[in-house]
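K.L.:
Before anything else, here's the structure in question.
The values are calculated or read from the model by the stated rules, or taken from the named source; none is laboratory data. Remember, it's a predicted structure, so these values are computed and weren't measured experimentally. All Cβ positions, glycine included, derive from the backbone under ideal geometry; neighbour counts span all protein chains shown. These area figures cover heavy atoms from the full protein model, side chains too; ligands, DNA and RNA do not enter into them. Shrake-Rupley method; radii C 1.70, N 1.55, O 1.52, S 1.80 Å.
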Amino acid sequence: MKTLTEVPRKPRKMPRQEPGPFATMEELGRFKTNLANQLLEKSNVGEVLKQRRNH
Amino acid sequence: MEQPHYFFQIRKNVRRYDFVSEGHTRIPKAIQFFDTSVPDLFNLVLGDVRPDGQLDVFSVSDNGDRDKVLATVAQVVAHFLQENPTMYVFFTGSTPARTRLYRMAVGHEFTNLVVQFEIMALLPSKQLVPFQPNLSCDGFVISLKNPNVTE
């Protein structure tokens with residue numbers, strides 16, 4: 001008779017998807033604003049807003 | 001926009017607004033506007049204040065009061081832009097998944113939001129275009145449609 005051997009399950013890795021936590025709002029702000037500046041870099045946002053101001 | 005929203009406290013000197021989400025649990029939340037690399041464009045930063053005083057990434061959907069929280073954020077943005085009518089507000093999620101969540105939330109409330117705001121979307125191609133629900137984007141730029149109209 002065959003016996004089933006129990007294979008120990010690997011603990012499921014649940015990496016934290018979100019950054020943080022942050023000690024202060026300023027620290028969170030620095031993180032989020034770096035992210036924003038990376039997205040804004042080489043974009044046409046500055047140009048579009050400048051044109052809108054001139055209208 | 002007259003949707004129910006939470007009362008918020010203002011600290012003008014640091015451009016910070018605080019309110020408390022009262023859904024399933026009580027979650028203090030903070031919103032602060034930070035300078036970006038683009039002139040006149042401020043980054044909207046949202047945080048949940050944890051019981052230990054640390055700040056976590058803002059959540060709009062986990063406390064059962066998403067619409068009221070979003071309406072509060074809209075009121076805060078309106079207040080900030082009324083105070084600074086020539087400025088623009090940028091916001092994005094801290095992860096692509098969270099940006100998608102914000103996009104869905106903005107899309108869900110779009111008809112209410114466009115009454116008061118002009119909303120633009122920053123595409124992955126780095127182009128800024130008028131926001132459309134279901135349009136994949138990396139961030140949002142908001143301005144007041146008419147700076148003279150108050151809530």
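K.L.:
When residues of the stretch B:48-57 are filtered for being within 18 Å of A:N34 (Cβ to Cβ) and either more than 9 Å from chain A (Cβ to nearest Cβ) or touching a helix residue (DSSP H, G or I) at 6+ places or on another chain (Cβ under 8 Å) (or both), how many remain? Lay out the reasoning, then the answer.
P.N.:
The initial filter retains those residues of the stretch B:48-57 that are within 18 Å of A:N34 (Cβ to Cβ), namely B:55-57.
With either more than 9 Å from chain A (Cβ to nearest Cβ) or touching a helix residue (DSSP H, G or I) at 6+ places or on another chain (Cβ under 8 Å) (or both) added as a condition, the list becomes B:55, B:57.
The qualifying residues number 2.
K.L.:
For the stretch B:25-47, enumerate the residues that are under 19 Å from B:D138 (Cβ atoms) and at the interface with chain A (Cβ under 7 Å from one of its Cβ atoms).
P.N.:
B:F34, B:T36, B:S37, B:V38, B:L41, B:N43, B:V45
K.L.:
Looking for whichever is under 24 Å from B:E118 (Cα atoms) and either open to solvent by 30 Å² or more (accessible area, probe 1.4 Å) or in a loop (DSSP other than H, G, I, E, B) (or both) here; the options are B:V69, B:V38. Which one fits?
P.N.:
Details: B:V69 fails: either open to solvent by 30 Å² or more (accessible area, probe 1.4 Å) or in a loop (DSSP other than H, G, I, E, B) (or both).
Just a single option satisfies the conditions, and that option is B:V38.
K.L.:
If you take the residues in the stretch B:126-144 that are open to solvent by 60 Å² or more (accessible area, probe 1.4 Å) and more than 9 Å from chain A (Cβ to nearest Cβ), which one is farthest from A:N44 (Cα to Cα)? Don't jump to the end; show me each part of the working.
P.N.:
Taking the stretch B:126-144 first, the residues open to solvent by 60 Å² or more (accessible area, probe 1.4 Å) are B:127, B:130, B:132, B:134, B:136.
When the remaining residues are screened for being more than 9 Å from chain A (Cβ to nearest Cβ), the result is B:130, B:132, B:134, B:136.
Numbers: B:P130: 13, B:Q132: 18, B:N134: 21, B:S136: 17 Å.
Taking the candidates together, the pick is B:N134.
K.L.:
For residues in the stretch B:72-98 being farther than 21 Å from A:G46 by Cα and within 12 Å of chain A (Cβ to nearest Cβ), which is most open to solvent (accessible area, probe 1.4 Å)?
P.N.:
Ranking the candidates gives B:P96 first.
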